[in-house]
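Reading through the structure tokens given below for one structure.
Since every read-out is calculated from the coordinates, none of them should be taken as a lab result. As the structure is a computational prediction, the values presented were derived from the model and not from experiment. For neighbour counting, all protein chains shown are included, and Cβ atoms are generated from backbone atoms with ideal geometry for every residue, glycine included.
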Amino acid sequence: MNADKSLFSPIKNRRAFEEVSLKIKTLIFDGILKPGDKLPSETDLARQFNVGRQTIREALRILELSGFITVHKGGSGGPIIKDTILNTISALFLDAFRMKKISLEELTVARLEIERVVLNYVMDSIDDSDIRSLQESVNRAKKKIENNIIATEENLQFHKLLAKASKNHVFVLIVETIMAAVADFLSRIGPDVETSGNVVEYHEQILKAIVEKKREKALNLLEKHLLEVRRRLQPFIDQEKKAGGKEGDKQKG
């Protein structure tokens, strides 16, 4: 549906574009504007908010960068409410990850501790729909491996689906952001088909333990799986430490 034009009213503020974006976000948070709703044109928005079109453009740019809307080009296009906030947060986390020079070792340690907690909640809250989604993910990955294709996307998705099965949106958000960093590392080291296949096997065993309600077995398999990932990444962890040491020596000199 299209957003009702009466939703918007004139504003007076030195930083009017921030006020415009805040008002639109509030309507989204309150459920008045929903994903798929089309906002009025820039001209209509400018008239209703009693601001210039440039202010509207800046407000829409902020909303798009924040993951609240997408702007379609063309005569039938325009700003449309679309929830891409998780993707946006993941991208921001990845930028912060690189900026702060978070080490691969820190990432693997944090991932292990967080996913242990997530899996504990999964054991209590997983339903048949979650199990089907996880099984489908494993099946797609196995099919890729059988065709000698790396299943990185499916393997990362498995952990996101586990977080979703916890029924805790904070866990979903955290795991999504961690997986963004893991995907970045994997894109640089290029895992082979054999390694990818080993990951699929672990995922299949973890899912089987979950279905059988074997909590300790599932947790042990997860820990073994992530420690194995850490072992495979150890040469890169050592490389990071060595590079960090050299950088420290340069600064001392």
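Calculate the dipole size of segment 87-239 relative to its Cα centre from +1 charges on Lys and Arg beta carbons and -1 charges on Asp and Glu beta carbons; express the result in debye to the nearest 20.
With only Lys, Arg, Asp and Glu charged at Cβ, the dipole is about 80 debye.
Counting C-alpha atoms alone, how compact is segment 154-234: give Rg to one decimal and Dmax as a whole number, in angstrom.
Computed over the Cα atoms of segment 154-234, radius of gyration and Dmax are 12.9, 37 Å.
To the nearest 20 debye, what is the magnitude of the charge dipole of segment 96-139 about its Cα centre, counting +1 on the Cβ of each Lys and Arg and -1 on the Cβ of each Asp and Glu?
For this selection, approximately 440 debye.
Starting from the coordinates of the alpha-carbon atoms of segment 62-180, obtain the Kirkwood hydrodynamic radius over all distinct pairs and give the value in Å to one decimal.
Evaluated over segment 62-180, this radius sits at 16.3 Å.
If you bin the C-alpha pair distances of segment 5-83 every 10 Å from 0, what whole percents do you get?
Percent of pairs per bin, in order: 20, 59, 21, 0.
Tell me what the chain gives for mean residue ellipticity at 222 nm when only DSSP H runs of n ≥ 4 count, each as -39,500 (n - 2.57), the sum divided by the residue total, rounded to 500 deg cm²/dmol.
-24500 deg cm²/dmol
Report Rg/Rh for the chain, rounded to two decimals, where Rg is the Cα radius of gyration and Rh the Kirkwood radius.
On the Cα set of the chain, Rg over Rh gives 1.08.
Which entries in the list LYS34/LYS167; LYS38/LYS167; LYS160/LYS208; LYS100/LYS143; LYS38/LYS160; LYS101/LYS208 go over 27 Å, if you measure between the two C-alpha atoms of each?
LYS38/LYS167; LYS100/LYS143; LYS38/LYS160; LYS101/LYS208
Could you give the distance between the Cα centres of segment 37-102 and segment 107-154, to the whole Å?
Spelled out, the Cα-based centre of one part sits 32 Å from the other.
With unit charges on the beta carbon (Lys/Arg positive, Asp/Glu negative), name the residue among VAL170, ILE206, ALA59 whose Cα is farthest towards the positive pole of the charge dipole of the chain.
Going by the charge dipole, the pick is ALA59.
Please list, in order along segment 48-53, the HN-Hα scalar couplings obtained from phi with the Karplus expression 6.51 cos²θ - 1.76 cosθ + 1.60 (θ = phi - 60°), rounded to whole Hz, x for Gly and Pro.
5, 7, 6, 9, x, 5
Compute the normalised compactness of segment 93-154: alpha-carbon radius of gyration over 2.2 N^0.38 Å, N being the residue count.
1.50
Mind ranking 188-198, 32-42 by how tightly packed they are, going by the mean number of other C-beta atoms within 10 angstrom, highest first?
32-42, 188-198
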